[in-house]
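Shown next, in structure tokens, is the structure this report addresses.
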Amino acid sequence: MDRPYSPAPRVDITLEQGQLATLRFFGAIRADDLHRAHRELHDRLGGKTVVGLVLDARFSTPDYTPGQLLDSLESCLDFSSPQRCAFVATQVREETLTLIETACVPFAVRVRGFEDADRAMRWALGL
């Protein structure tokens, strides 16, 4: 049976001015992709923290369980200590946004959903 083309999962991480970490997800993202991305972010931060975290899922599809997302995100929040977390998606992903909010509450991180990445980045920086 032919399967539709699905690009290999990928996560691009950018750090801007040491204050904003942006993780852009591409393709079908599995739990191990989430964990690999958060380990890479941990290594790149080198013990520093960020003001804002942007999770850009516009070009990806989730292929993980809610529990796997929570585990991975809690680990990321623990070491990056952001004040704000923006979730960017072009389609309604209420369940994902709710899970992100659930993970962020114990860390006192503000969360907001966006369709526009530039607006998300400005908000995550507190601008």
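Numbers for the structure displayed
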| read-out | value |
| --- | --- |
| Matching option when the condition is touching a residue at least 24 places away in the same chain (Cβ under 8 Å), hydrophobic (A, V, I, L, M, F, W, C) and outside any helix (DSSP H, G or I), among A103, A21 | A21 |
| Search result, residues across segment 38-84 that are assigned to a loop (DSSP other than H, G, I, E, B) and more than 18 Å from F26 (Cβ to Cβ) | G46, G47, K48, T49, V50, V51, T65, S81, P82, Q83 |
| All positions within segment 106-115 that are at pLDDT 95 or above and part of a loop (DSSP other than H, G, I, E, B) | A108, V109 |
| Residue under evaluation C76, criteria (1) under 22 Å from Q17 (Cβ atoms); (2) at pLDDT 95 or above, criterion not met | (2) |
| Single match in P82, P62 (criterion: surrounded by 14 or more Cβ atoms within 10 Å (Cβ to Cβ) and in contact with a Gly (Cβ under 6 Å, 6 or more places away or on another chain)) | P82 |
| Residues of segment 3-35 that turn out to be among the basic types (K, R), over 12 Å from the mean Cα position of the chain (by Cα) and modelled with pLDDT of 90 or more, as a count | 1 |
| Index of the failed condition, T90 passing every other in (1) of a type outside the set (G, A, S); (2) more than 12 Å from the chain's Cα centre (by Cα); (3) assigned to a helix (DSSP H, G or I) | (3) |
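The values are calculated or read from the model by the stated rules, or taken from the named source; none is laboratory data. Here the structure is a predicted model, which is why all the values come from computation and not from measurement. Backbone-built Cβ (ideal geometry, glycine too); neighbour counts: all protein chains shown.
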